[in-house]
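The values are calculated or read from the model by the stated rules, or taken from the named source; none is laboratory data. Model, not experiment: these values are computed from the prediction. Positions of Cβ are backbone-derived with ideal geometry, glycine not excepted, and every protein chain shown enters the neighbour counts.
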Amino acid sequence: MARIIQLMETQQVYLNQDLKVSDVADALGVHRNTISACINAQKGCSFNQFINDYRVEHAKKLLRETDEIKISHICHEAGFATESTFFRAFKASTGMTPKEWADINKQ
């Protein structure tokens, strides 16, 4: 798990909208099932949920640091392929829409 987290934090591979389990497995030189099993056992979630959590955190950082930027731009900058997936993941993580969260958390 430490190697997966290091890959996420140093190379920010989660920003790739087309990221797959096999991409992470190839980067770490392990079988794709190892990646899924490790994330499931250590984090209690699927690969997609794990990646979306990183993307939501990145989106929150962008929302805090930028003024008057379109939510659709934030969505794609954070690695989400569609706005609907972005809104669903963001609301699941924070309990708020990106705009509601940004209004409360601007620096």
What are the residues in region 84-107 that are within 17 Å of Y14 (Cβ to Cβ) and surrounded by fewer than 16 Cβ atoms within 10 Å (Cβ to Cβ), if any?
-> T85, R88, A92
Pair list, Cβ under 9 Å, 6 or more apart: region 12-25 residue more than 15 Å from Y54 (Cα to Cα), other residue surrounded by 18 or more Cβ atoms within 10 Å (Cβ to Cβ) and at pLDDT 95 or above | S22/I35; A25/I35
